[in-house]
Amino acid sequence: MKAIYKGKVKEIRLNQSLKAKDIAEEIKISPLAVLINGKPSGLTTELSDSDEAEFIDFDHEAGKSIFWHSSSHVLALAVKRLYPEVKFAIGPSIENGFYYDFDNISLSDQDLGRIEQEVRKIVKEKLAFSRLLLSPDEAKRVFAGQPYKLEILKEIPDNEVSLYSLGEFTDICRGPHIPGSSFIGAFKLMKLAGAYWKGDSSKKMLTRVYGISFPEKKQLKEYLHFLEEARKKDHKKIGKEMDLFSMQDEGPGFPFMHPKGMAMVNELLDFWRKEHTKAGYKEISTPIILNKALWVQSGHWDHYKENMYFTKIEGQDYAVKPMNCPGGILFYKTRAHSYKEFPLRIGEIGLVHRHELSGVLNGLFRVRMFYQDDAHIFMTPEQIEGEVAEVIRMVDRFYKVFGFEYQVELSTTPEDFMGDKKDWDHAIDSLKNALESEKIVYSIDEGAGAFYGPKIDFKIKDSLGRLWQCATIQLDFQMPQRFDLKYMGPDGTFDHRPIMIHRVIYGAVERFLGVLIEHFGGKFPLWIAPEQARVFAVSSDYISYAKKVYDMLFSKGFRAELDIREESVSKKIREAQVAKVNYILVVGENEQKNSTVNVRDSKTNKVLGEVPLQEFISKMQKEIESKAL
């Protein structure tokens, strides 16, 4: 068999069946779990001579998931000991940590410390995870008195149910798990929340306890420091301080863009339009509301209905669009097309609405209404790889402007795919070829494609190292078939069907703005900054000159503000810094006499001193034109 650990490969001849932990001991490692032929497994799993075993630690994504899911079982055991009458629901790992949902329990933030103390006892007890395989009837007896577990059992079609035990706590679980509780070096409960059973608002509200855990205490310390830095950069906090946007009770999930936020959005869109015009895109606009028949034909009615809003017009069913693509297809069908005009690149800054549960709404990151910088490319089969490669290059150009590094993922055929599997295989091969032709390093996300086609996702990395999925390229053979799209080929007939690309660069414009706010911490590059300069005088004697400076900046198209309030200079400077104005311009006797401004760079808090006004204007213009970071 082949044993792999941290990239090192060792061939081992098995004369008998051994458990993964035996191999780990032989090669003197202490992993958390193992991937056997790519499948996550526990260390008690038996290996055969033909297996490939990759031993993994917490630094592996699968290792994190296993570690955090195991920690949710430890949490459940602690709660069971402290609150014997508790009813257990589910406890999965999530992106950052884990949670467990409980019923028949009343907890406050003050109780979390008590639970953590019990967890520390469990860790010291060095309890091992053990697996049981029972019949459904046997499992029902184990979970007598646990209604949520009994409901889960009804949904398991197998004749054998997998359970895991840790001490006196047993759960329905496929696993795998870490070897035991002693592997948890640091554990912290983060918060309490309410959560409906199965996410259904018609069902009972449960108590959800969120937690995080690590193999070492220093990792928890680093994580808490990261959270503190993230709190400082929270786009909701900065958005309020800088007066960029707001959320109102009258429209939860529907963002209100304030003038300064709108200025940033317009800069993003102006940049988008210039780049797309240069790349040969034509911009259109399609209606927000279209009739039900369109959404049935597109497949959204069957695959996306729960995320859509509906209305009636003159007794007919209509839907508010969650995506722009069906409208783009209707535009294509307004006239006949020839292969000579392909690739046909059609862009749309489309306003879309998607129904999201209130519990997942999060500032600009998860909203119910947003603008999507869509484009749909219609092309011949021979043009697929070239067009995909061109979009990849465009994404790269955009993200370099903001200083973003990014990772790339190729998502393949989902379970609910539409169309012919052969078309899907061809589409996936085309995307792979385009990525490889551009020398892009990418990973595969099996089964995560859209229902109508595979896709390439770009995940940008922000200043705190977090990944945000923004740009996407989706290859679509299905909708051209469903809408019977045609074009005239070189043979002069209209028997040819175009291939379609769906793609975005920003993704959701509002969400991209939220990412920018947190990436830069509100200290934006000058070209996109909502307030590029603020002018004020040291006393009322120089207000007229301050107004002259402001008028000059305004006439040149800068986003500037004039502050003539009767407040101290120091207070005005502090307020401008909180508002993260790029340049603070103070004028007094010398500045008025010399036609200069005294400049403070708010981003670095450096005083640049007295600068001729025209020279400063020229400097700002160059900084904006170059889109300097």
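Okay, here's what the table says:
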item	result
For the stretch 225-371, share of DSSP beta bridges that run antiparallel, in % to the nearest 5	90
Rounded D (µm²/s) - the stretch 450-505, Kirkwood Rh over Cα pairs, Stokes-Einstein at 20 °C, 1.002 mPa s	159
Computed over the stretch 2-57, Cα set: Rg, Dmax in Å	9.6, 27
For the stretch 514-615: span of alpha carbons on each principal axis (Å, largest first)	43, 28, 21
Hz values of 3J(HN,Hα) by residue in the stretch 199-206 - Karplus curve (6.51, -1.76, 1.60), Gly and Pro given as x	x, 9, 5, 8, 9, 5, 7, 9
Computed over the chain, Kirkwood Rh from alpha-carbon pairs, angstrom	28.6
Among Thr44, Leu613, Gln110 the positive-end extreme of the charge dipole of the chain (Cβ point charges)	Leu613
Relative contact order of the stretch 579-619, pairs being alpha-carbon contacts under 8 Å that are 6 or more residues apart, as %	33
In nm, spacing of pseudo-spin labels at Lys312 and Arg174 (7 Å Cα→C-beta vector)	4.3
FRET efficiency estimate (nearest 0.05) - Cβ-Cβ, Asp416 to Val360, R0 25 angstrom	0.70
Estimated D of the stretch 194-287 in µm² per second, where Rh is the Kirkwood radius over Cα pairs and Stokes-Einstein applies at 10 °C, 1.306 mPa s	87
Magnitude of the charge dipole, the chain, Cβ model with Lys/Arg +1 and Asp/Glu -1, debye to 20	1380
Relative contact order %, the chain, counting alpha carbon pairs below 8 Å whose residues are six or more apart	9
Dipole-positive endmost among Ile573, Pro136, Val296 within the chain (Cβ charges, Cα centre)	Ile573
Unit charges at the beta carbon, dipole of the chain: most positive-side option, Gln407, Leu150, Phe254	Phe254
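Every number here is computed from the coordinates shown, using simple stated rules; none is lab data. Being a predicted model, the structure only gives us computed values, none of them experimental. Glycine gets a Cβ as well: all are built from the backbone with ideal geometry, and neighbour counts include every protein chain shown.
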